Amino acid sequence: MNKLVLGTAQFGLDYGINNLNGKPTREKSLEILDFAWQKGIKIFDTAYAYGDAEEILGEFLQNRDFDKEIKIITKLGPHIVSKSKGTMRDIITANLEKSLNRLKQDYVNGYLLHTPEYIRENKIVSVLCDLKKQGLVKNIGVSIYEEADAIYAAKLKEVDYIQIPYNIFDQRLDRTDFFKITKENNVKVFARSPFLQGLILMEEDRIPVHLSEVKKYLRELDVIRSRYNFSRPEVSFLFSFMNPNIDYVVFGVDNTRQLKEYINIVAEKKESFAACRKELASAFVGIKKSIIFPSLWSKKD
């Protein structure tokens with residue numbers, strides 16, 4: 001379970017294109033967090049922008065004695081430096097303090113920039129380094145979307161963590177020097193979106209018209225996975241998990257049943273996945289950004 005990181009976007013937002021039920025209740029979210037902890041998941045990913053997810057996680061942490069075993073990663077509010085008044089240092093520090101108050105913590109293990117271009121602003125990175133020196137954060141980094149930002153961040157000596165999108169349909173960084181650079185610089189890689197916000201798991205008749213092009217890829221995926229006797233959730237989860245260059249896989253769930261399913265996938269299926277993964281890695285190359293970037297998905301059919 002050391003490679004698994006439970007994401008909490010679902011707890012604070014109606015998150016994911018395949019989400020039919022909206023966000024779980026506060027009680028259900030706490031139940032999921034407790035189940036994850038009991039099963040050995042000790043890293044939790046959240047963000048200032050995830051609605052009340054930080055508060056829910058804070059309630060979970062406050063009511064239990066974890067002896068500092070749990071690690072929390074959160075993120076600076078998106079575009080907050082340009083949207084807020086005051087000095088850059090005051091804005092960032094105040095945002096972190098709000099997150100710490102919500103989380104009911106004195107520090108967080110990781111603090112990431114949620115606006116990728118901020119990693120290119122030396123003054124912002126300098127503020128994060130100062131927060132690290134103060135002990136308010138243990139590791140700093142960035143959540144990225146573009147290959148260029150990932151490679152730029154990986155080369156910075158100040159960066160400890162980089163969160164990347166990575167899944168069967170989005171293998172862009174495998175075709176760059178990114179993973180080589182992160183290994184050389186001892187940067188930890190967190191791969192998010194193993195299910196592409198649920199798109200990879202959708203039934204064909206539910207896929208919106210503006211994303212209909214993905215149907216041909218899903219059909220090809222079904223042919224390959226069926227040949228090896230895997231389900232879509234299994235191949236999606238294991239594709240990220242079995243990449244040796246990825247240190248952690250960040251994933252979200254709507255209920256404990258899903259969480260149990262993904263934990264069982266890792267426990268029971270990983271040893272037989274190598275051949276299937278190799279074929280998947282060569283089958284889905286160069287899928288355009290209008291499919292693999294949720295931010296580019298049109299809101300209209």
Here is a check on your reading of the model: is Arg257 free of Cβ contacts under 8 Å to residues at least 24 places away in the same chain, in a helix (DSSP H, G or I) and over 26 Å from Trp297 (Cα atoms)? yes
Scan segment 178-200 and give yes if some residue there is among the acidic types (Asp, Glu) and in contact with a helix residue (DSSP H, G or I) (Cβ under 8 Å, 6 or more places away or on another chain), otherwise no. no
Can you pull out the residues in segment 88-140 that are outside any loop (DSSP other than H, G, I, E, B) and polar (S, T, N, Q)? Thr93, Asn95, Ser99, Asn101, Asn109, Asn122, Ser126, Asn139
Odd one out for Leu280 among (1) under 22 Å from Ala9 (Cα atoms); (2) buried (at least 19 other Cβ atoms within 10 Å of the Cβ); (3) modelled with pLDDT of 95 or more: (1)
Inside segment 69-97, can you point out the residues that are over 25 Å from Val187 (Cβ atoms) and surrounded by fewer than 16 Cβ atoms within 10 Å (Cβ to Cβ)? Ser82, Lys83, Ser84, Lys85, Gly86, Thr87, Asp90, Ala94, Glu97
Which condition does Ala148 not pass, out of (1) buried (at least 17 other Cβ atoms within 10 Å of the Cβ); (2) out of contact with any Phe, Trp or Tyr (no Cβ under 8 Å at 6 or more places or on another chain); (3) among the aliphatic types (A, V, I, L, M), if it passes all the others? (1)
Which one of Leu196, Leu173 is of a type in the set (A, V, I, L, M), part of a helix (DSSP H, G or I), within 21 Å of the chain's Cα centre (by Cα) and buried (at least 22 other Cβ atoms within 10 Å of the Cβ)? Leu173
Quick test for you: out of Leu113, Leu136, Leu100, pick the one residue that is buried (at least 17 other Cβ atoms within 10 Å of the Cβ), out of contact with any Gly (no Cβ under 6 Å at 6 or more places or on another chain) and farther than 20 Å from Ala9 by Cβ. Leu136
If Gly252 passes every condition in (1) in contact with a Gly (Cβ under 7 Å, 6 or more places away or on another chain); (2) without any contact (Cβ under 8 Å) to a residue 12 or more places away in the chain but one, which one does it miss? (2)
Out of all the residues in segment 57-76, which are modelled with pLDDT under 95 and part of a loop (DSSP other than H, G, I, E, B)? Asn63, Arg64, Asp65, Phe66, Asp67, Lys68, Glu69, Ile70
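The values are calculated or read from the model by the stated rules, or taken from the named source; none is laboratory data. All values derive from a computational prediction rather than experimental measurement. Methodologically, a virtual Cβ is constructed for each residue, glycine included, from the backbone with ideal geometry; neighbour enumeration extends over all protein chains shown.
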